[in-house]
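What follows is a set of notes on a single structure, which appears directly below.
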């Protein structure tokens, strides 16, 4: 019996490579999402700190110049936080898209694995049948020799 050779091996290799690339892209998107989340957290902390400073400034003497500076800084931080929220939403959607691509690539690899397993099973079954046919032929020859020798 010949050795098993999977005829779609090149397709399986390409799909496995595609899955590897999809996993790497998912890992990069996950890292980008974590970085965006960290930047958003830092911006939120800065915003809370500015709010605290503005409210503390109201307990003492009113200084219009300081109040205007705090207000402008607060607006800049609000705008920066809004932009970081947009970036975070984009990072989340990118991660989900990469995850879907990774799942699809994994499904394709599993299809190839199942095809290879069924092809190997068919190869083994054919090998067993050929071996059984050989055994039957040998047994038939021996039986005919025995019947010729003992009439």
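Where a number appears in this text, it was derived from the coordinates with a stated rule and is not lab data. As the structure is a prediction and not an experimental result, all values here were calculated from the model. Cβ: placed from backbone, ideal geometry, glycine included. Neighbour counts: every protein chain shown.
Per-structure values
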quantity: Under 20 Å from the residue 17 label point (7 Å along Cα→beta-carbon), backbone N, segment 96-122; calculated: 101-113, 116
quantity: Between segment 1-31 and segment 78-116, the Cα center-to-center distance that results, in Å; calculated: 18
quantity: Sum of -39500 (n - 2.57) over DSSP H runs of 4+, divided by residues of the chain (222 nm, nearest 500); calculated: -34000 deg cm²/dmol
quantity: Distance-filtered residues of segment 1-41 - backbone nitrogen under 12 Å, label point 7 angstrom along residue 137 Cα→Cβ; calculated: 1
quantity: Simple label model, 7 Å out from Cα along Cβ direction - residue 107 to residue 46, nm; calculated: 4.3
quantity: Point-to-point label distance, residue 96-residue 6, nm (Cα→Cβ direction, 7 Å offset); calculated: 3.4
quantity: Nearest-0.05 FRET efficiency for residue 130 and residue 38, computed from C-beta distance (R0 41 Å); calculated: 0.05
quantity: Whole-percent pair-distance distribution, where bins are 5 Å wide, for the alpha carbons of segment 9-109; calculated: 2, 13, 14, 13, 10, 9, 8, 7, 6, 5, 4, 3, 2, 1, 1, 0
quantity: Angle between the chain longest axis and helix 9-57 axis [Cα atoms, degrees, rounded to 10]; calculated: 20
quantity: Mean Cα-pair separation over length for segment 27-107, i.e. relative contact order, pairs under 8 Å, 6 or more apart, %; calculated: 52
quantity: Relative contact order %, the chain, counting alpha carbon pairs below 8 Å whose residues are six or more apart; calculated: 43
